[in-house]
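The values are calculated or read from the model by the stated rules, or taken from the named source; none is laboratory data. In this text, all values refer to a predicted model and were calculated from it rather than measured experimentally. Note that each Cβ is placed from the backbone with ideal geometry, even for glycine, and that neighbours are counted across all protein chains shown. For accessibility, only protein heavy atoms count, side chains too; no ligands or nucleic acids. Shrake-Rupley method; radii C 1.70, N 1.55, O 1.52, S 1.80 Å.
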Amino acid sequence: MSPSLFAGFALGFSLIMAIGSQNAFVLRQGLRRQHVFWICLTCATSDALLITAGVMGFGSLTLVWPWFEQAMRWGGAAFLFWYGARNFLAAWRGGETLQTNGSALAEVALLPVLMTVAALTWLNPHVYLDTVVLLGAISAQYPQPLLFGLGAAIASFTFFFSLGYGAAALAPLFAHPRSWQVLDVVVGLTMWAIAAKLLMM
């Protein structure tokens, strides 16, 4: 394996492993067993596009449009606060379970789910910092920056599909309504913590 490819995979995987709004959403939908493939594909493809932009030298976008970072920061924080509030409301209402016989919860339409995951990805400034800026800058230090970017993109696909489909192993635990309430609270706290961090930047 090329050193550049391996380094890109290792760094990309380590960055994406940190719990965030994307990961929490993918985990939740993986537990629900709803639209898992399309959610994972959307997350991984979005990361790949942003990594490619960084490697190709577009990490200086904020220099061209100084207002871009501020707009993304405030817009992302507002969305995360709203989405976190939805999870807290779901936890308060309770009553959600995953049937132990493997049947899924009430089906949710694909389009709203994809719109949510796209917003969690593209309205989060941390995604740009990790992919476009950080990975883009580090890739320039390797003899084969395109292979570095490819490695990071492969890491994203590996992680999201593992998380989405691996969540099914936790299905027996989530046959109990209390488990869903705990998950909703954790997801809500994660969203609000990230939003607060964005506002304090």
Query raised in the report: Which one, (1) 17.7, 55; (2) 19.6, 71; (3) 19.1, 67, gives Rg and Dmax of the Cα atoms in Å as derived from the coordinates shown?
Result: (1)
Requested in this report: Positive end of the charge dipole of the chain (Lys, Arg +1 and Asp, Glu -1 on Cβ, about the Cα centre): tell me which of 17, 173, 142 has its Cα farthest that way.
Outcome: 173
Query raised in the report: With the Cα gyration tensor of the stretch 126-201 giving a ≥ b ≥ c as the square roots of its eigenvalues, does the rule (a/c under 1.5 for rounded; else a/b larger than b/c for prolate; else oblate) give rounded, prolate or oblate?
Result: oblate
Report summary line: Out of 188, 80, 129 - ranked by how far each Cα lies towards the positive end of the dipole of the chain, with unit charges on the beta-carbon of charged residues - the top one is 188
Report summary line: Charge tally for neighbours of residue 117 with beta carbon under 15 Å away, counting Lys, Arg as +1 and Asp, Glu as -1, is +2
Query raised in the report: Given a 1.4 Å probe, how much area per residue of the chain is accessible, in Å²?
Result: 51 Å²
Query raised in the report: Using a ≥ b ≥ c from the Cα gyration tensor of the stretch 108-150 (square roots of the eigenvalues), is it rounded, prolate or oblate, where a/c under 1.5 gives rounded and otherwise the larger of a/b and b/c decides, a/b for prolate?
Result: oblate
Report task. Any chance you could give the angle, 0 to 90 degrees and rounded to 10, that helix 177-199 forms with the longest Cα principal axis of the chain? Result -> 30 degrees
Query raised in the report: What are the ³J(HN,Hα) values, in whole Hz, obtained from phi via the Karplus relation 6.51 cos²θ - 1.76 cosθ + 1.60 with θ = phi - 60°, for each residue of the stretch 131-144 in sequence order, with x given for Gly and Pro?
Result: 8, 5, 7, 5, 5, x, 5, 5, 4, 5, 7, 9, x, 10
Report summary line: Note on the chain: contact order normalised by length, alpha-carbon pairs under 8 Å, 6 or more apart, percent, works out to 49 percent
Report task. Quick one: angle between helix 3-17 and the longest Cα principal axis of the chain, in degrees between 0 and 90, rounded to 10, please. Result -> 40 degrees
Report task. Once you have the Cα-Cα distance between residue 92 and residue 109, take 0.36 nm times their residue separation minus that, and quote the gain in nm to one decimal. Result -> 3.8 nm
**Report entry** Rounded tilt (10° steps) of 67-93 against the dominant C-alpha axis of the chain
**Finding:** 20 degrees
